[in-house]
Amino acid sequence: MFVVQAMSSDAWLRGLPLAVLTMSVVAVPVLLLEPEGLPRMRNLENELRGVEDENAELDRNIAKLRVDVKNLRENPTTVERIAREQLGLVRKSEVVFQFDRK
């Protein structure tokens, strides 16, 4: 009786790889093609690329702003240029002529 039980156990073990292979052949395409599978992965990759591009743009803006801040702190001509262009300030020794636009 023990021998018969051991043989059926061996047969089950021999059939196990075939069962796993069959399940894999069925399950892998289903998992890849369902909405949470491959299409979602592609959407997430596209979203990641967009976020990385946005981060690169923000890094460039930060670098530019750092240069601007450095110039404002260290370069008096930059401060003067901004005062003239954005605030309309002039020196006491300068004469301003204003013309009407027609």
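Nothing in this text is a laboratory measurement; each read-out follows from the coordinates by a stated rule. What you see is a predicted model; the values in this text were computed from it and never measured. FYI the Cβ positions are ideal-geometry reconstructions off the backbone, even for glycines, and counts take in every protein chain you see.
Details
- Restricting the GluC sites (Glu not before Pro) of region 3-102 to loop positions (DSSP other than H, G, I, E, B) with no more than 15 neighbouring Cβ atoms within 10 Å leaves GLU36, GLU94.
- Other residues within the sphere of radius under 15 Å centred on the Cβ of GLU94, judged by their own Cβ, net out at +2 (K and R +1, D and E -1).
- Between the Cα long axis of helix 76-87 and the first principal axis of the chain there is an angle of about 90°, rounded to the nearest 10.
- Interatomic Cα distance distribution for region 36-78, bins of 10 angstrom, percent: 26, 25, 19, 16, 10, 4
- Extents of the chain, taken as max minus min of Cα coordinates on every principal axis and listed largest first, are 117, 38, 12 Å.
- Taken along the Cα-to-beta-carbon direction at a fixed 7 Å, the label points for ILE62 and VAL20 span 4.7 nm.
- Base-10 log of normalised Debye intensity for region 53-98 (one unit scatterer per alpha-carbon) at q = 0.14, 0.16, 0.24 Å⁻¹: -0.51, -0.59, -0.86
- In this simple spin-label approximation, GLU52 and LEU38 carry label points 7 Å from Cα along the Cα→Cβ vector, and these lie 2.2 nm apart.
- Residues THR78, THR22, sorted so that the one with the fewest Cβ neighbours within 10 Å comes first: THR22, THR78
- Estimated 222 nm signal from helices in the chain, with DSSP H stretches of n ≥ 4 weighted -39500 (n - 2.57), rounded to 500: -28500 deg cm²/dmol
- Residues LEU58, LEU38, sorted so that the one with the fewest Cβ neighbours within 10 Å comes first: LEU58, LEU38
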